[in-house]
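For reference, the structure is listed below as structure tokens.
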Amino acid sequence: MKDKDNFLQNAGINTRLSHIGNSPFDFHGFVNPPVVHASTVLFPNARVMETHDQKYTYGTRGTPTTDALCEAMNALESSAGTVIVPSGLAAVTVTFLAYLSAGDHALIVDSVYGPTRFFCDTMLKRLGIEVEYYDPMVGAGIEQLIKPNTRLVHTEAPGSNTFEMQDIPAISAAAHRHGCVVTMDNTWATPLYFKPLDHGVDVSIHAVTKYPAGHSDILMGTVSANEAHWKQLIAAHGQLGLCGAPDDAYQVLRGLRTMGLRLERHQESALAIAQWLEGREEVARVLHPALPSFPGHDLWKRDFKGASGIFSFVLAVGDPQKFKVKAHAFLDALRIFGLGYSWGGFESLALHVNLSDRRVTKAPTEGPVIRLQIGLEDVADIKADIENGFAAVRQV
């Protein structure tokens with residue numbers, strides 16, 4: 001097995017995705033690991049029970065199924081360890097609770113995932129933790145915001161809904177000069193297109209609900225830490241009693257095997273749609289980091305290996321009184337696109353973005369922001385559906 005591991009380190013990403021996470025010969029040669037359902041784990045004698053001197057001790061502390069997923073994520077992230085939690089939001093919250101205490105100060109990017117902001121403004125505030133939101137484009141200038149009690153800097157690149165890029169290496173270097181832990185929500189890129197720990201981040205967070213699972217039917221999150229921060233993370237994970245269901249872990253492992261191929265299609269189709277939208281008179285601007293016109297394109301090009309299938313565009317409306325009615329007209333005319341939250345599945349989705357919670361960065365003024373998840377449908381059909389939306393907007 002060690003020879004295979006050494007070979008895989010230098011193999012292509014689709015080869016690695018096909019083989020990481022478990023050895024079939026650990027399970028009598030069966031290709032996929034069995035789903036182990038567990039709460040109680042038996043010990044052979046009282047001494048082992050007292051000392052916990054065996055690999056598995058209780059269902060919340062892992063099973064062969066969940067361990068296979070953790071090992072796969074470690075291989076992708078180059079991390080010291082990974083924990084599994086029931087959702088992407090739980091991946092963020094367990095991370096914050098692991099490294100923050102009453103009296104600490106946390107810097108959170110202003111383009112952060114909305115439920116993360118809500119957790120910061122409610123739970124963290126109640127626990128006596130000071131939260132400050134910063135401009136995603138601040139780069140090395142974040143050093144000016146760090147206080148003596150700053151303990152954590154949270155990043156997300158690109159940012160939720162408006163896709164601002166961040167200079168992750170510069171932010172990490174500044175934060176580390178002051179002893180801060182740097183965390184990153186890397187759900188958009190996955191470890192295939194960006195590896196946070198290779199760019200100075202200490203803890204990488206993923207909603208594997210999205211591209212790893214890939215089929216819009218699983219909720220799960222992972223948190224992967226470097227050696228210096230692993231022990232604190234695994235301790236908090238155990239103290240909070242968080243764990244992921246083995247059936248869901250099995251499904252995410254299945255999704256991982258094809259994630260590389262699916263991401264290639266998502267990327268290709270999304271970029272084709274984004275470029276097409278740039279030439280439409282109904283569109284004020286397109287918010288996609290892989291477009292040369294996007295303000296953070298140079299950072300994306302420098303650090304990322306690819307782009308996924310979600311981006312936004314601004315409808316050219318002008319009159320703020322018509323933002324909502326025009327956005328709703330566009331959405332209600334769609335037939336291929338579903339109207340729903342989440343993304344990363346096989347189907348295209350759309351929604352009207354709410355940016356009213358932003359503190360530092362301002363919402364576009366030209367019109368409403370529409371977020372698109374470009375699925376695996378044919379590009380010509382996706383374009384035709386968007387045309388239906390534009391036609392409806394013109395009638396309002």
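What follows draws every value from the coordinates through simple rules; no lab data is involved. For clarity, every value in this text was computed on a predicted model and none was experimentally measured. As a convention, Cβ positions derive from the backbone with ideal geometry for all residues, glycine included, and neighbour counts pool all protein chains shown.
A few remarks follow.
- Scalar couplings 3J(HN,Hα) for the stretch 287-294, obtained by applying the Karplus form with A = 6.51, B = -1.76, C = 1.60 to θ = phi - 60°, are 9, 9, x, 7, 7, x, 6, 6 Hz; x denotes Gly and Pro.
- On the principal axes of its alpha carbon atoms, the chain extends 76, 51, 36 Å, with the longest extent given first.
- Sparse-neighbour loop sites [chymotrypsin sites (Phe, Trp or Tyr not before Pro); the stretch 234-308; at most 11 other C-beta within 10 Å; DSSP]: none
- Bridge type composition, the chain - antiparallel percent by DSSP, nearest 5: 55
- Computed helical MRE - 222 nm, the chain, DSSP H runs ≥ 4 contributing -39500 (n - 2.57), nearest 500: -11000 deg cm²/dmol
- Dimensionless Rg ratio for the stretch 62-214, taking C-alpha atoms and the 2.2 N^0.38 Å reference: 0.99
- Filter on K125/K147; K326/K362; K195/K301; K125/K362; K125/K210 - keep pairs with C-alpha separation over 22 Å: K125/K362; K125/K210
- Per-selection metrics, the stretch 306-375 (Cα): Rg and Dmax in Å: 12.7, 37
- Neighbour-limited loop hits for chymotrypsin sites (Phe, Trp or Tyr not before Pro), the stretch 311-396 (at most 12 other Cβ within 10 Å; DSSP other than H, G, I, E, B): Y341
- Long-range tail of P(r) for the stretch 220-259 (Cα pairs > 10 Å, %): 76
- Low-density loop positions, trypsin sites (Lys or Arg not before Pro), the stretch 1-91 - DSSP coil, at most 13 other Cβ in 10 Å: K55
- The distance from the alpha carbon centre of the stretch 122-136 to that of the stretch 233-265 is 28 Å, rounded to a whole number.
- Taking the DSSP bridge list for the stretch 91-194 and keeping only pairs wholly inside it, about 0 percent are antiparallel.
- Using the alpha carbons alone, the radius of gyration of the stretch 111-157 stands to its Kirkwood radius in an Rg to Rh ratio of 0.96.
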